[in-house]
1. Using +1 at the Cβ of each Lys and Arg and -1 at the Cβ of each Asp and Glu in the range 27-68, identify which of 42, 63, 32 lies farthest towards the dipole's positive end.
2. Take the residue pairs 162/182; 53/147; 148/183; 53/152; 147/180; 147/183 and return only those whose Cα atoms are more than 26 Å apart.
3. Say we join alpha carbon atoms closer than 10 Å with springs in a Gaussian network model of the chain; which of 15, 108, 23 then has the biggest fluctuation?
4. How many percent of Cα pairs in the range 1-130 exceed 24 Å?
5. So what's the back-of-envelope 222 nm ellipticity for the chain, counting only DSSP H runs of four-plus at -39500 (n - 2.57) apiece and dividing by all residues, rounded to 500?
6. At a 1.4 Å probe radius, carbon and sulfur cover how many percent of the accessible area of the range 69-142?
7. Please give the charge dipole size of the range 40-157, origin at the Cα centre, charges +1 on K and R Cβ atoms and -1 on D and E Cβ atoms. Round to the nearest 20 debye.
8. In the neighborhood of residue 113, defined by Cβ-to-Cβ distances under 10 Å, what is the net charge if each Lys or Arg adds +1 and each Asp or Glu adds -1?
Amino acid sequence: MSNGFLLSSFPQLETARLLLRETTLQDAEATFAVFSDPSVTQFHNLDTFTSIKEAIGVIERRAQRFERGDGIRWGIARKQDNVLIGSCGFTWNPQEHSAEVGYELASTFWRQGIMTEAVSTILQFGFEKMDLRFVIAQVMLENIASKKLLEKLGFHSQGVLKQYAFFKGQYHDLEQFVLKNKKLSE
């Protein structure tokens, strides 16, 4: 049974500086390097990694999610060396024909416009190729950099969802942002 989000193959996307590609087990060490940094996981629903097995588990879960048509997560790699430095992607919502976007980036690459470049590319893919009606993002209130990224990309705050998510042993307030497909709202 298809939910409309099953893709026949994993789409590779390219930007001026980046390759957005499927993450494989060969990327386990690079994935571990990203998620073993507490500054990266500070606002993430994953704990800071302490074992390469955790990275392998994330890669395998993301592959399974793609195969089921539940979501897609691109590895963000620099064109110059194809080394993974983060990821971004969608969790599909077939009923609403929408998606939730998520992302993370190795801290050594922060404030270089990389996430703007990557997320704007997948948003274009989502709106043009998947005909999404809108994309949402949910951000911890303290994550100022992520809020600024979303606003730069045209997202608008929909307000705070009180005690909305439980991870890392406690409930968190999340600010919800939305970006509508421009061609559908014209």
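1. It is 63.
2. Working: 162/182 29 Å; 53/147 31 Å; 148/183 24 Å; 53/152 35 Å; 147/180 17 Å; 147/183 24 Å.
Table pairs above 26 Å Cα-Cα are 162/182; 53/147; 53/152.
3. Maximum fluctuation in the GNM of the chain, among the listed residues, is at 108.
4. Details: 2094 of 8385 pairs.
Of all Cα-Cα distances in the range 1-130, 25 percent exceed 24 Å.
5. Only helices count here, giving -8500 deg cm²/dmol.
6. Numbers: 1410 of 3020 Å².
The value for the range 69-142 is 47 percent carbon and sulfur by accessible area.
7. 200
8. Working: positive: 17, 111, 152; negative: 117.
Value of the local net charge: +2.
The values are calculated or read from the model by the stated rules, or taken from the named source; none is laboratory data. Keep in mind the model is a prediction, meaning the values are calculated, not measured. Positions of Cβ are backbone-derived with ideal geometry, glycine not excepted, and every protein chain shown enters the neighbour counts. Keep in mind that these areas ignore ligands, DNA and RNA; they rest on the heavy atoms of the full protein, side chains included. Shrake-Rupley method; radii C 1.70, N 1.55, O 1.52, S 1.80 Å.
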